[in-house]
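Engineer: Below is a structure I'd like to ask you about.
Nothing in this text is a laboratory measurement; each read-out follows from the coordinates by a stated rule. Predicted model, so just to flag it, every value in this text is computed and none were measured. Positions of Cβ are backbone-derived with ideal geometry, glycine not excepted, and every protein chain shown enters the neighbour counts.
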Amino acid sequence: MQLTRPPLLAAALALPGIVLPASEAGAERPPGAGEVGLRYSHYQEYQPGAERIEVVLPALFVLVPVAEDWTIQGQLALDSVSGASPLYHDTLSGASGIGVDDVRRSLDVDATRYFDRASLAFGASVSREDDYDSDAVRAVATFDSADRNRTITVGVGYSDDTIDSVNGVAEHEARNTTDAQVGVARVLTSRDVAQASVTFAHGSGYYDDPYKVLDRRPGSRDERALSLRWNHAYDTPGEVLRVAYRLFDDSWGITAHSVDLAWRHPFANDFVVEPSLRYHSQSAADFYFDPPVGTGFVPGEPYSADARLSAFGAVTAAIKLEVPFGSRWRSDFKLSFYRQKSAWRAFGDGSPDLLPVSARTFEIGLTYEY
Amino acid sequence: MTRALATLAIAIVLAGCAAQPVQPWEKRLLAQRAMRMDGGNALERDFARQVETSREAARGGEGVGGGGCGCN
Amino acid sequence: MQPEHQRLAFAAMASRCALVVDHDGDASTALAAAREEVLRIEAKYSRYRDDSVVSAINRAAGGAGVAVDDETAALLDLAAAAHAASDGRFDATSGVLRRAWDFGAARVATTEALAALLPLVGWQQVEWNRPHLRLPRAGMELDFGGFGKEYAADRAAAVLASHGIAHGFVNLGGDVRAVGARRDGAPWQVGVQHPREVDRVLARVALRDGAIATSGDYERYFECDGVRYCHVLDARSGVPVQGVRAVSVVAPLCVVAGLHATIAMLHGAKAKDYLDECGCAYLLVDGDGAVHRTLAG
């Protein structure tokens with residue numbers, strides 16, 4: 001008889017408190033310490049011939065561990081938009097000439113209960129604007145396999161939105177959306193984790209843009225998204241490569257591909273530089289019509305000239321610098337550039353006669369862990 | 001073609017084909033904040049999503065029940 | 001060691017102990033907490049202290065037995081697993097054999113003395129039904145000497161990690177548990193002592209995570225009529241093992257490394273077979289001084 005390694009190791013692993021705390025993490029992280037985050041984000045958009053639009057968004061994040069196995073997480077954001085509303089077609093100039101000067105307040109609260117190999121979270125969001133109110137709820141459960149090398153995530157959400165445009169076109173219009181997500185995350189090796197998830201959303205109600213002269217969209221929208229992520233850790237602690245891809249399609253005829261790449265590289269004094277690159281490409285909605293406005297419009301049929309529904313490609317390039325000070329504080333600065341061009345669409349031609357959009361964001365964040 | 005690729009990719013993640021299951025003590029690198037699937041910073045992620053959805057038609061793939069906003 | 005590392009050296013468990021970390025902030029709180037943890041385990045399981053758990057268990061030998069806490073219970077389960085994995089060679093009740101072997105006086109145990117003591121040795125006699133433990137015969141003794149120090153190294157490493165230490169190691173008298181690699185990702189280099197030449201390093205072993213533990217016939221021994229009697233005793237015969245000079249084992253946990261090293265040692269000339277079979281990464285110096293290794297470095 002030779003009882004060998006497995007029983008010895010199994011008995012050793014049953015000893016209390018000897019596996020390093022960090023090693024107990026599986027595909028998803030169990031509740032850690034509390035955390036407070038502050039972030040100020042600034043967004044500025046340019047388009048030839050149009051006024052610039054500017055958004056400032058201060059936000060607060062709080063994560064509080066409660067009792068042994070609960071966390072409460074809250075998020076408060078206040079975004080102020082100023083400048084003209086976005087004008088995509090130069091031929092549309094003046095058609096949506098209402099100056100935008102809007103403030104949005106949003107609050108998200110999530111409570112999570114952690115079990116030995118599972119978690120259950122309930123959350124709600126409230127968002128208020130002059131012309132758009134949204135209330136949403138969600139429930140998300142995760143289940144870990146016995147060896148914690150696999151985590152299944154299942155979530156459902158519901159959102160109840162009301163639109164009251166300031167120009168009186170939309171008066172107390174409603175839109176309701178139900179969505180669901182199923183995902184699997186897997187530990188592949190001691191340095192690779194991958195996740196696949198699918199989301200389905202079904203919405204019905206008012207989808208038109210009340211500020212556009214001609215905009216009639218279908219009364220419902222079904223969306224599907226498949227997202228794949230792969231995170232790779234290098235030998236140097238903190239050095240991580242993240243790759244993500246999302247495939248999206250909806251009942252409006254839009255198919256989109258988005259690829260995200262981020263490489264986190266720590267330097268000697270623990271400050272971290274993270275360059276990232278994102279590419280997005282989408283086809284146009286079935287009812288999107290190229291300018292000039294009105295071309296292809298048939299009364300009673302859906303119609304939109306909203307450039308967001310057009311075919312184009314977009315690239316985001318960003319650089320983030322993360323500087324820790326002390327063991328609990330961390331600050332970060334992020335600069336990103338966004339550019340959208342019809343010619344950059346992949347797998348097909350972009351919509352003609354669109355002006356390129358450029359945007360620049362600057363973010364500064366501060367996080368405190370306790 | 002995209003459908004076939006997507007199916008294949010899901011199959012790889014779902015399949016129980018890992019050569020050797022990773023043991024708890026081998027997960028030090030995986031436990032880093034930067035290795036989290038959500039990226040580790042909720043505020044940063046939400047702002048990026050807001051910028052994207054205000055300019056693009058696609059969304060989803062990252063959780064459910066997010067509040068809508070008039071920006072899209 | 002490198003000057004930028006913060007370290008704390010102290011004596012515990014009859015060994016020289018060192019905690020070494022590479023950390024940006026002041027690590028003194030973490031180091032002190034890790035030392036406290038080592039001292040806590042020493043106090044709780046020392047057979048030399050009357051107020052220890054082990055002393056309480058041994059005082060109750062032949063009596064009604066005692067109920068033990070969860071930590072002690074897990075250690076007892078480990079003792080049972082080690083007894084099974086070694087086919088009875090390793091036994092947490094073998095400490096009484098020290099009464100026959102006087103290493104200080106270099107006295108070989110007499111057959112009569114061993115015959116009198118061997119009935120008190122044997123894990124199979126122990127009545128262990130968690131949380132109740134009973135040593136059935138008066139005079140039986142339990143001790144955690146075979147894995148207590150290694151367990152303390154694992155616990156101390158976990159304490160350092162829980163204080164945010166990501167680069168460092170714990171060394172309790174040669175039982176080393178790493179808490180992550182060096183800051184630059186390179187492994188720690190652990191020197192393995194030569195079993196015959198005290199000042200010489202036999203080999204270097206790279207350690208990132210996990211642990212290395214060494215068992216050798218040079219720790220405590222005496223020679224008599226040209227035979228070396230070391231302190232590692234086969235619980236089945238009560239006689240010191242022959243045929244192995246030293247074994248170092250690398251394993252994810254220090255307790256596992258330590259037990260495999262000791263059990264390999266207890267296999268004597270068959271140590272290599274045991275190590276190969278258990279799948280350990282090892283460095284073995286056999287009775288003739290030949291080195292066998294699966295460890296790179």
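Engineer: Can you pull out the trypsin sites (Lys or Arg not before Pro) in the range C:1-100 whose DSSP state is coil and whose Cβ has at most 14 other Cβ atoms within 10 Å?
Structural biologist: Hits after loop and neighbour filter: C:Arg49.
Engineer: May I pose another question? With Cβ to Cβ distances under 15 Å as the rule, what net charge do the other residues near C:Glu223 carry (K, R +1; D, E -1)?
Structural biologist: +1
Engineer: Sticking with this one: Within a 10 angstrom radius of each residue's Cβ in A:259-268, how many Cβ atoms of other chains show up on average? Whole number is fine. Write down the numbers at each step before the final one.
Structural biologist: Values: counts 0, 2, 0, 2, 0, 4, 0, 2, 0, 2.
Across the residues of A:259-268, the mean count of other-chain Cβ atoms within 10 Å is 1.
Engineer: Pop out the ³J(HN,Hα) list for the range C:100-106 in order, Karplus 6.51 cos²θ - 1.76 cosθ + 1.60 with θ = phi - 60°, rounded to Hz; leave Gly and Pro as x.
Structural biologist: The phi angles translate into 8, 9, 9, 6, x, 8, 6 Hz.
Engineer: Can you give me the Rg/Rh ratio for the protein assembly as shown, using Cα atoms for both radii and the Kirkwood formula for Rh?
Structural biologist: Result for the protein assembly as shown is an Rg/Rh of 1.11.
Engineer: What does the charge dipole of the protein assembly as shown about its Cα centre add up to, to the nearest 20 debye, if the Cβ of each Lys and Arg holds +1 and the Cβ of each Asp and Glu holds -1?
Structural biologist: I would put it at about 2480 debye.
Engineer: Could you pull out every residue, at least 5 positions away or on a different chain, whose amide H is within less than 5 Å of the one on A:Asp130? Hs are placed 1.01 Å off N in the peptide plane, and Pro or chain starts have none.
Structural biologist: A:Val103
Engineer: Per DSSP H run of at least 4 residues, take -39500 (n - 2.57); add these up for the protein assembly as shown, divide by its residues and hand me the 222 nm value, nearest 500 deg cm²/dmol.
Structural biologist: Calculated at 222 nm, the ellipticity per residue is -5000 deg cm²/dmol.
Engineer: What percent do you get for the relative contact order of the range A:239-351 when only Cα pairs under 8 Å and 6+ apart count?
Structural biologist: In percent, rounded to a whole number, it is 22.
Engineer: So, with +1 on the Cβ of K and R and -1 on the Cβ of D and E, and no other charges, what is the size of the charge dipole of the range A:255-362 about its Cα centre, to the nearest 20 debye?
Structural biologist: On the way: 11 positive and 11 negative charges, 112 e Å.
Taking the Cα centre of the range A:255-362 as origin, the dipole is about 540 debye.
Engineer: Separate question: Under 8 Å for C-alpha pairs, at least 6 residues apart: give me the relative contact order for chain C, rounded to a whole percent. Kindly include the intermediate steps, with their values, before the conclusion.
Structural biologist: On the way: 609 pairs, mean separation 48.1, N = 297.
Reported as a whole number, the value is 16 percent.
Engineer: Return the lysines within reach of C:Lys44: Cα separation strictly under 21 angstrom, same-chain partners fewer than 8 residues apart disregarded; answer none if there are no such residues.
Structural biologist: Result set, ordered by chain and number: C:Lys149.
Engineer: Could you work out the mean projected area of the convex hull around the alpha carbons of the range C:1-123, in square nanometres to one decimal?
Structural biologist: 11.3
Engineer: How large is ³J(HN,Hα) for each residue in the range C:173-182, as worked out from phi by the Karplus curve 6.51 cos²θ - 1.76 cosθ + 1.60 (θ = phi - 60°), to whole Hz, x for Gly and Pro?
Structural biologist: x, x, 8, 10, 10, 7, 10, x, 6, 5
Engineer: Each residue of the range C:183-190 in order: what ³J(HN,Hα) in whole Hz does its phi give by Karplus 6.51 cos²θ - 1.76 cosθ + 1.60, θ = phi - 60°, with x for Gly and Pro?
Structural biologist: Along the range C:183-190, the couplings run 4, 7, x, 6, x, 6, 9, 9 Hz.
Engineer: Please state the charge dipole magnitude for chain C, taken about the Cα centre, from unit charges on C-beta atoms (+1 on K and R, -1 on D and E), reported in debye and rounded to the nearest 20.
Structural biologist: The dipole magnitude comes to about 260 debye.
Engineer: Just to confirm a number: summing +1 for Lys and Arg and -1 for Asp and Glu over residues other than C:Lys44 whose beta-carbon lies under 14 angstrom from that of C:Lys44, what do you get?
Structural biologist: -4
Engineer: If exposed means no more than 10 neighbouring beta carbons inside 10 Å and the site is in a DSSP loop, what's the longest run of chain A without any exposed GluC sites (Glu not before Pro)?
Structural biologist: Numbers: sites that count: A:Glu68, A:Glu171.
Free of exposed loop sites, the longest segment is A:172-370.
Engineer: Sticking with this structure for a sec: Need one value for A:159-167: mean number of C-beta atoms belonging to other chains within 10 Å of its residues' C-beta atoms.
Structural biologist: Across the residues of A:159-167, the mean count of other-chain Cβ atoms within 10 Å is 2.
Engineer: Additional query: In 10 Å bins starting at zero, report the fraction of Cα pairs in the range A:123-233 per bin as a rounded %.
Structural biologist: Percent of Cα pairs in each bin: 13, 32, 26, 17, 10, 2.
Engineer: Give the shape of chain C as rounded, prolate or oblate, defined through the alpha-carbon gyration tensor: a ≥ b ≥ c are the square roots of its eigenvalues, a/c under 1.5 means rounded, and otherwise the shape is prolate if a/b is larger than b/c and oblate if not.
Structural biologist: Working: a/c = 1.93, a/b = 1.27, b/c = 1.53.
Since a/c reaches 1.5 but b/c is at least a/b, the shape of chain C is classed as oblate.
Engineer: With only alpha-carbon atoms counted, please give the Rg and Dmax of the range C:79-122, in Å.
Structural biologist: Reported Rg and Dmax, both Å: 11.8, 34.
Engineer: Moving on. What do you get when you divide the Cα radius of gyration of chain A by 2.2 N^0.38 Å, with N the number of residues?
Structural biologist: Working: Rg = 23.6 Å, N = 370, 2.2 N^0.38 = 20.8 Å.
For chain A, the normalised Cα radius of gyration comes out at 1.13.
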